[in-house]
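Step one of this worksheet: look at the structure below.
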Amino acid sequence: MVMVYSGEPIREPIAIGGPLVMNARAEITQAFRDFHAGRLGEVPRQARLRYR
């Protein structure tokens, strides 16, 4: 499988944390807090098991 992306660079910082990509590490930390608190909506059980 090959994935090719193309576009103009946005020249913004990138922070990667597990399955999340945001602009700052603090945003990733908050997203994980929201995920564990159930604020991101219903997440299938199988998906939850992969990221623990």
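Computed values, structure above
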item	result
Hits in segment 16-27 - residues which are modelled with pLDDT under 95 and among the aliphatic types (A, V, I, L, M)	16, 20, 21, 22
Selected residue [exposed (fewer than 10 other Cβ atoms within 10 Å of the Cβ) and modelled with pLDDT under 85] from 5, 51	5
Hits in segment 8-48 - residues which are exposed (fewer than 10 other Cβ atoms within 10 Å of the Cβ) and polar (S, T, N, Q)	46
Pair list, Cβ under 9 Å, 6 or more apart: segment 13-27 residue more than 20 Å from residue 43 (Cα to Cα), other residue assigned to a loop (DSSP other than H, G, I, E, B) and polar (S, T, N, Q)	13/23; 14/23; 15/23
Scope segment 1-34; condition under 12 Å from the mean Cα position of the chain (by Cα) and on the phi > 0 side of the Ramachandran plot; matching residues	18
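The values are calculated or read from the model by the stated rules, or taken from the named source; none is laboratory data. It should be emphasised that the depicted structure is a prediction, and the values quoted were computed from it without experimental measurement. Ideal geometry is used to build each Cβ from the backbone, glycine not excepted, and the neighbour counts take in all protein chains shown.
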